[in-house]
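Okay, so here's the structure we're looking at.
The values are calculated or read from the model by the stated rules, or taken from the named source; none is laboratory data. Fair warning: this is a prediction, and the values are worked out from it, not measured in the lab. Positions of Cβ are generated from backbone atoms using ideal geometry, with glycine treated the same way; all protein chains shown enter the neighbour counts.
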């Protein structure tokens with residue numbers, strides 16, 4: 001079994017924000033696979049399963065705030081005996097422009113506190129991650145204000161395409177086991 005964790009913040013207030021693009025990708029993947037999430041109080045996460053072509057994956061949206069995602073992910077990995085090589089994290093990335101998606105098999109957290117939480121809980125940076133570009137804040141804005149802002153109307157078409165590409169990358173990883181570092185770009 002594999003686990004794909006989309007990072008975001010719970011609640012309607014954050015649903016459409018840049019920081020929740022990990023949730024958006026996982027929601028779209030679940031919709032494509034016609035599966036529904038259920039909330040697990042024990043694991044403080046929304047969870048569903050994909051079973052297809054003899055393979056199985058858990059889709060997970062930790063329902064603690066972003067910076068505390070690691071404990072939830074680690075607990076689910078323990079419960080389902082999922083090894084670190086069978087984990088992929090989907091998160092936002094301010095260092096990538098909107099429309100770029102980057103898959104890496106390992107690396108530092110790059111300042112992303114949700115990814116940092118997972119790396120710290122697992123004790124290793126050997127965590128596959130799909131970083132979805134959200135762009136950089138304007139010089140006058142702070143990073144926290146920017147990631148908690150919603151996408152502008154003129155960005156929404158590129159956002160939809162980024163989510164499609166990200167879902168494709170998740171499926172490639174799940175079904176084919178891609179292990180190379182790859183960058184995808186919205187045309």
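How about region 115-126: which of its residues are over 19 Å from residue 2 (Cβ atoms) and either surrounded by fewer than 14 Cβ atoms within 10 Å (Cβ to Cβ) or touching a strand residue (DSSP E or B) at 6+ places or on another chain (Cβ under 8 Å) (or both)?
Result: 123, single match.
Go through (1) under 19 Å from residue 144 (Cβ atoms); (2) over 13 Å from the mean Cα position of the chain (by Cα) one by one and return the number of the condition residue 92 breaks.
Status for residue 92: all satisfied but (2).
How about region 1-21: which of its residues are in contact (Cβ under 8 Å) with a residue 12 or more places away in the chain and more than 19 Å from residue 75 (Cα to Cα)?
Residues satisfying the conditions are 14, 16, 17, 18, 19, 20, 21.
Taking the residues in region 127-160 that are touching a strand residue (DSSP E or B) at 6+ places or on another chain (Cβ under 7 Å) and in contact (Cβ under 8 Å) with a residue 60 or more places away in the chain as candidates, determine which candidate is surrounded by the fewest Cβ atoms within 10 Å (Cβ to Cβ).
Among those that are touching a strand residue (DSSP E or B) at 6+ places or on another chain (Cβ under 7 Å) and in contact (Cβ under 8 Å) with a residue 60 or more places away in the chain, it is 150.
What single numbered condition from (1) part of a helix (DSSP H, G or I); (2) within 22 Å of residue 176 (Cβ to Cβ) fails to hold for residue 51?
(1)
Per-residue answers, yes or no, for (1) in a helix (DSSP H, G or I); (2) modelled with pLDDT of 95 or more; (3) surrounded by 22 or more Cβ atoms within 10 Å (Cβ to Cβ); (4) in contact with a helix residue (DSSP H, G or I) (Cβ under 9 Å, 6 or more places away or on another chain):
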residue	(1), (2), (3), (4)
4	no, yes, yes, yes
10	no, no, no, yes
13	yes, no, no, no
21	yes, yes, yes, yes
39	no, no, no, no
42	no, no, no, yes
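For residue 77, all conditions in the list (1) without any contact (Cβ under 8 Å) to a residue 12 or more places away in the chain; (2) in contact with a strand residue (DSSP E or B) (Cβ under 8 Å, 6 or more places away or on another chain) hold save one; what is the number of the exception?
Every listed condition holds for residue 77 apart from (1).
In region 23-34, which residues are buried (at least 17 other Cβ atoms within 10 Å of the Cβ) and modelled with pLDDT of 95 or more?
Across region 23-34, the qualifying residues are 23, 24, 25, 26, 27, 28, 29, 30.
Would you check if there is a residue in region 113-126 being touching a residue at least 12 places away in the same chain (Cβ under 8 Å) and assigned to a strand (DSSP E or B)?
For region 113-126, residues touching a residue at least 12 places away in the same chain (Cβ under 8 Å) and assigned to a strand (DSSP E or B): absent.
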